[in-house]
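The block underneath contains the structure these notes are about, expressed in structure tokens.
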Amino acid sequence: GAGGHAATNSASLTTLDNTDHFIGEQSTIFNGYFDGHIDKTKIAFLGHSTGGEGIVRAYTRVLNNEYTPEHFELEDIKLLCPFAPTAWQTNDLTDPDFANFHLFSCGADTDCSLFPCPENHWRQSFSIFERSKGNRQLTYIHGAGHTDLNDCVIGCNPWVDTLAPDLIGKENTHLVVKSYLLPLLELYLNSNPAGEEYFTRMYDDFHPVG
């Protein structure tokens, strides 16, 4: 679907079905190329917009026993990382609970951010962040818009506030995302404490060298 409750639900099921299938059929997919190289105990779910809410909905499905994977368990999901997610679902249906949680949000996002609110609840990405009870971080990128977070170039609404100051564009937005995504994955998938420094120290004191 093109957004709404139904799209979030279908996105969540796609995430779960594909993950379960990929782990379970690793010996046959791509002629067994991935067989034995997948650590199912280190799963990170990432998603953008509807897909961003969808990964949290997917986690909640497993948490609430709405969905029972065959090849992985709830504790195998080490990180939820939505990018400017929608917020269609109620608290009980999209709940990060105690999962490690990181939100990427953009200052010039005219679709899912603080900018067009408060009248449209589905645009309030921060509401999902506030539901998180475990380790949580938020990276707020000034000068970036909604679709600066993905590779959409043709046939999509950019959802960028063109009047916002100091727009940085898609390429620089991707640089920021990748620079923080690496320590984020190191922290929660590989238990590397150095990754935490990027989310606890002030930017002026410590930030990615790029």
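The values are calculated or read from the model by the stated rules, or taken from the named source; none is laboratory data. Source: prediction; values computed, not measured. Reconstructed Cβ throughout: ideal geometry from the backbone, glycine too, with neighbour counts over all protein chains shown. Note: areas computed on protein heavy atoms with side chains; ligands, DNA, RNA excluded. Shrake-Rupley method; radii C 1.70, N 1.55, O 1.52, S 1.80 Å.
Contact annotation: residue pairs with Cβ atoms under 9 Å, 6 or more positions apart or on different chains, pairing a residue in region 1-23 that is among the aromatic types (Phe, Trp, Tyr) with a partner that is open to solvent by less than 60 Å² (accessible area, probe 1.4 Å), are Phe22/Ile29; Phe22/Ile38. Each residue in region 187-210 was checked for being touching a strand residue (DSSP E or B) at 6+ places or on another chain (Cβ under 7 Å) and open to solvent by 40 Å² or more (accessible area, probe 1.4 Å), and 1 pass. So is Thr60 closer than 14 Å to Thr94 by Cα, in contact with a Lys or Arg (Cβ under 8 Å, 6 or more places away or on another chain) and of a type in the set (Val, Ile, Thr) or not? Spelling it out, it is not the case that Thr60 is closer than 14 Å to Thr94 by Cα, in contact with a Lys or Arg (Cβ under 8 Å, 6 or more places away or on another chain) and of a type in the set (Val, Ile, Thr). Kindly indicate which of Tyr198, Tyr188 is closer than 26 Å to Ala99 by Cβ and out of contact with any Ser or Thr (no Cβ under 9 Å at 6 or more places or on another chain). Exactly one of Tyr198, Tyr188 is closer than 26 Å to Ala99 by Cβ and out of contact with any Ser or Thr (no Cβ under 9 Å at 6 or more places or on another chain), namely Tyr188.
Among what's in region 129-186 and is hydrophobic (A, V, I, L, M, F, W, C), out of contact with any helix residue (DSSP H, G or I) (no Cβ under 9 Å at 6 or more places or on another chain) and part of a helix (DSSP H, G or I), pick the residue that is most open to solvent (accessible area, probe 1.4 Å). Looking at residues that are hydrophobic (A, V, I, L, M, F, W, C), out of contact with any helix residue (DSSP H, G or I) (no Cβ under 9 Å at 6 or more places or on another chain) and part of a helix (DSSP H, G or I), I get Leu175.
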